[in-house]
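We did not get these values from a lab; they are worked out from the coordinates using the rules stated. All of these numbers come straight from a predicted model, not from anything done at the bench. Methodologically, a virtual Cβ is constructed for each residue, glycine included, from the backbone with ideal geometry; neighbour enumeration extends over all protein chains shown.
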């Protein structure tokens, strides 16, 4: 015991020195990875179409000495990049898909770069670049210090409703992983103990019979009628679903011309709830609404399942470890120019409850359920996963907005990105140096998962929906 204690006393200063040196090294290289994030921001590619973004990340990883495996799970933009041997195997996930319709210049006023084009309103350009920055830094530290283990970057496409990680899990690429490190852009800094909303989404397609809408309306069977009956039924259903349920949809095709009875229509719907078993029951009723629309309109309905992601499973041990390291890194400080940008963009927000200046702080981990959904939830039910957020957006700026897209393309976003990368690196150092931290993460994982069964709602033969962003 005495020898072990002396070892700890001797080792701790070395770990602290390693961390300090790593942070200084990262400061000297932050501009390069900020440039990577900016390039991906300019690419602004939607889910499963992130070809240029994925190629840039793979090129960076190959140059850093990683072995890259492409086309994971038969997805052209999914990949892994691996370096090292032995245990533990630490994974870092990167995302890089943009959102439709959120094209935006890096200015504090609404100004699309491309009218109607996609934009990084969730900051995934920063997410992929920070995870890249962290993975390369960890690899170089391991090589220099001769640290045993594996560091692996996961290029995970189509997080925004496409479920890329689900198919990567199914392909087995997470099977040997001990711990996954994840992060997400936000308007605050902190380790996360929050769960998320489970989600099921699908495209409902109605097929009818065309006819002249004025001369022979009785000869037609309107696919749009079927869709609208379904949508109206969903509105009535809202009154009779559990609290915390969310149902939202868009009409992606409503016909070609008013004077033609539509023979095709399509509705794209998301349903969410904190509990997947509860969501299953809600989803059964949603499908009945669609069937009712087809029955009443004498049309045919077909459903294409797009995504089904679990709520996130928090990890107590990893949250505590991340929190400790984020307090070493600290928050985000603005320059005079960034402060002016922040003050201007906040004037466009209806809700500014999070005060300006809070981006400098690291918030304590808190329990609860967030309002978003993510396919990282399924990863968290598969392997212990750490989660954190950093202030890449001005306090008060919501994700999926032109304001967040503007922040993601300028220096405020890049500063938050560096905080994330540093926090990931310091957490990985602890995991590689101390096997007990990995064991604690696994124990927390088993404790949180006890009594629950994880089973993906995506059928085993279901193929990745590579064209889910295409409108018919």
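Using the alpha-carbon atoms, what tilt in degrees (0 to 90, nearest 10) does helix 411-433 show relative to the longest principal axis of the chain? Tilt relative to the chain: about 60 degrees. Listed from fewest to most Cβ neighbours within 10 Å, the set 127, 267 follows the order 267, 127. Modelled this way, with points 7 Å down the Cα-to-C-beta line, the labels at residue 68 and residue 461 are 3.5 nm from one another.
The share of alpha-carbon pairs in region 198-308 lying farther apart than 20 Å comes to 39%.
Computing FRET efficiency as 1/(1 + (r/R0)^6) for residue 55 and residue 170, where r is the C-beta to C-beta distance and R0 is 30 Å, gives about 0.80. Classified by the C-alpha gyration tensor, the chain has a prolate form. Its axis ratio a/c, with a ≥ b ≥ c, is 1.5 or above, and a/b is larger than b/c.
Each Cα pair under 8 Å and six or more residues apart adds its separation to the average, and for region 70-178 the resulting relative contact order is 40 percent. Counted residue by residue at 0.36 nm each, then reduced by the alpha carbon distance between them, the extension gain from residue 343 to residue 259 reaches 25.2 nm. Tell me the angle of helix 276-297 to the major Cα principal axis of the chain, expressed in degrees between 0 and 90 and rounded to the nearest ten. Between the helix axis and the principal axis of the chain, the angle is about 20 degrees. From helices alone, the chain scores -14000 deg cm²/dmol at 222 nm; the rule is -39500 (n - 2.57) for each run of n ≥ 4 DSSP H residues, then divide by the residue total.
Neighbour counts of other Cβ atoms within 10 Å put 124, 462 in the fewest-to-most order 462, 124.
The stretch between residue 305 and residue 27 holds 95.7 nm of extra length on full extension. This uses 0.36 nm per residue minus the Cα-Cα distance.
Given contacts defined as C-alpha pairs under 8 Å and at least six residues apart, what's the relative contact order of region 198-308, whole-number percent? Show your work: numbers first, answer last.
Numbers: 244 pairs, mean separation 51.0, N = 111.
Computed value for region 198-308: 46 percent relative contact order.
Classify region 64-203 as rounded, prolate or oblate from the Cα gyration tensor: take a ≥ b ≥ c as the square roots of its eigenvalues, call it rounded if a/c is under 1.5, otherwise prolate when a/b beats b/c and oblate if not. Verdict is prolate for region 64-203. Relative to the longest principal axis of the Cα atoms of the chain, the long axis of helix 2-43 makes an angle of roughly 40 degrees. When the Cα gyration tensor is reduced to axis lengths a ≥ b ≥ c, the ratio a/c is 1.5 or higher for region 378-454, and with a/b not above b/c it is classed as oblate. Name the residues of region 174-199 whose amide N is less than 16 Å from a point 7 angstrom out from the Cα of residue 454 along the C-beta direction? Counting backbone N atoms under 16 Å from the label point, the list is 174-183, 194-199. Each label point was placed 7 Å from the Cα along the Cα-to-Cβ direction; for residue 17 and residue 110 their separation is 5.7 nm. Annotation for region 109-153 versus region 194-221: alpha-carbon center distance of 39 Å.
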